[in-house]
Amino acid sequence: MFLIHCPHCGEAREEEEFSYGGEAFIARPGKPAEIGDEAWGDYLFMRKNPKGWHWEMWGHATGCRKWFVVKRHTANHTIAGSWTLTEGRKVYDAEATS
């Protein structure tokens, strides 16, 4: 078990209080009606499964019930930080461009 800090509540709580929402920042196709079934299937079902740092969505299910993002190392569950969706997107984009 590990602790997750909810950026909305401002508290670190046990993992059991949260719901895992999957990979964060998946780009939705701009014109979904114009892409083929294979591309749409890839968008819906294909996810990264890295061993290392990964951006994830988490919801505070038994607390404020708000969603946020966490950067977590999947091999040892070390958490680099947690952010609201807007703040996390800025950090994610800054890392992608550097």
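What is the packing order of peptides 8-15, 86-93, taking the mean over residues of other C-beta atoms within 10 Å and listing the highest first? Mind dumping the intermediate values first?
Values: 8-15: 12.5, 86-93: 14.0.
Highest to lowest by the protection proxy: 86-93, 8-15.
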| request: May I ask you to compute the full-extension gain from Arg28 to Leu44, defined as 0.36 nm times their residue separation minus their alpha-carbon distance, rounded to one decimal in nm? | output: 4.8 nm
| Cross-link reach list, aspartates and glutamates versus Lys31, counting only Cα pairs under 18 Å and skipping chain neighbours closer than eight places | Asp42
| Sorting His77, His60 on the 10 Å Cβ count, fewest up front, what's the list? | His77, His60
| message | Students often forget the sequence filter, so: which aspartates and glutamates lie under 19 Å Cα-Cα from Lys66 once same-chain residues fewer than 8 apart are removed? | response | Glu11, Glu14, Glu15, Glu16, Glu17, Glu23, Glu56, Glu87
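Cα convex hull of the stretch 3-97: mean projected area in nm², to one decimal?
Here the figure is 7.1 nm², rounded to one decimal.
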| field | Degrees separating the helix 85-97 axis from the principal Cα axis of the chain, which is the longest one | value | 70
| Cross-link partners of Lys48 among lysines (Cα-Cα below 18 Å; sequence separation of 8 or more within a chain) | Lys71
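Go through 65-76, 46-57 and give me the packing order, highest mean Cβ count within 10 Å leading.
Per-residue Cβ counts within 10 Å, averaged per peptide and sorted highest first, yield 65-76, 46-57.
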| query | Nearest 20 debye, what's the magnitude of the dipole of the chain about its Cα centre given +1 on Lys and Arg Cβ and -1 on Asp and Glu Cβ? | reply | 180
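Kindly provide the helix-only [θ] at 222 nm of the chain, computed as the sum of -39,500 (n - 2.57) over DSSP H runs of four or more divided by all residues, to the nearest 500 deg cm²/dmol? Don't skip to the end; give the middle numbers.
Working: 2 runs with 22 residues, N = 98.
Computed ellipticity for the chain at 222 nm equals -7000 deg cm²/dmol.
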| field | Distance from the stretch 8-54 to the stretch 79-98 (C-alpha centre basis), Å | value | 15
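Read-outs: derived from the displayed coordinates by stated rules, not from any lab. From a predicted model like this one, the values you see are computed outputs, not experimental measurements. In this analysis, Cβ positions are derived from the backbone assuming ideal geometry, glycine residues included, and neighbour counts consider all displayed protein chains.
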